[in-house]
1. Can you tally the net charge around ASN70? Count Lys and Arg as +1, Asp and Glu as -1, for every other residue whose Cβ sits under 13 Å from the Cβ of ASN70.
2. Could you work out the relative contact order of the range 40-84? I mean the mean sequence separation of Cα pairs under 8 Å and 6+ apart, divided by the number of residues, in percent.
3. Summing -39500 (n - 2.57) over the DSSP H runs of n ≥ 4 in the chain and dividing by its residue number, what mean residue ellipticity at 222 nm do you reach, to the nearest 500 deg cm²/dmol?
4. DSSP loop (so not H, G, I, E, B), at most 16 other Cβ within 10 Å: list which trypsin sites (Lys or Arg not before Pro) in the chain pass both filters.
5. Multiply the residue separation of THR71 and LYS20 by 0.36 nm, subtract the distance between their alpha-carbon atoms, and state the gained length in nm to one decimal.
6. Work through the residues other than TYR10 whose Cβ is under 9 Å from its Cβ and net out their charges, Lys, Arg +1 and Asp, Glu -1.
7. Normalising by the residue count of the chain, find the relative contact order in percent from Cα pairs under 8 Å and 6+ residues apart.
8. Setting aside same-chain residues fewer than 8 positions from LYS41, which aspartates and glutamates have a Cα under 15 Å from its Cα?
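Only the coordinates and a few stated rules stand behind these numbers; no lab work does. Computed from a predicted structure; not experimentally measured. Don't worry about glycine lacking a Cβ; one is built from the backbone with ideal geometry, like all the others, and counts go over all protein chains shown.
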Amino acid sequence: MDIFINKICYTELVYQRINKKLNTQFSKQEIEKMIFDIIEKTEESYFEKKGKNYYISNKEHNIRITINSNTFRVITVDKIVKYL
């Protein structure tokens, strides 16, 4: 969705949190590009607003992005756990 792509922002702490949760060593630019690409390629039906946050789930990448609905600040990125 364009609203996310145009307004999304990050804190210094979130870059560290994302690398820790995804077990990666991405640079700030790599994280921003990854999130931008995932948001752009995720169908709108996978955008869910609960309380004060948006949750964007992308099954292709097994990632769920959490974004504050007021500030559009990325809060975290989690791996989606697959259950058999």
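1. Local charge sum for ASN70: +4.
2. Averaging sequence separation for qualifying contacts and normalising by length gives 26 percent for the range 40-84.
3. The helix-only estimate for the chain comes to -11000 deg cm²/dmol at 222 nm.
4. Working: sites: LYS7, ARG17, LYS20, LYS21, LYS28, LYS33, LYS41, LYS49, LYS50, LYS52, LYS59, ARG64, ARG73, LYS79, LYS82; in loops: LYS52, LYS59, LYS82.
When the trypsin sites (Lys or Arg not before Pro) of the chain are filtered for loop state and at most 16 Cβ neighbours within 10 Å, LYS52, LYS59, LYS82 remain.
5. Contour length minus the Cα-Cα distance gives 16.1 nm.
6. 0
7. Values: 114 pairs, mean separation 26.0, N = 84.
Over the chain, the number comes to 31 percent.
8. ASP2, GLU32, GLU60
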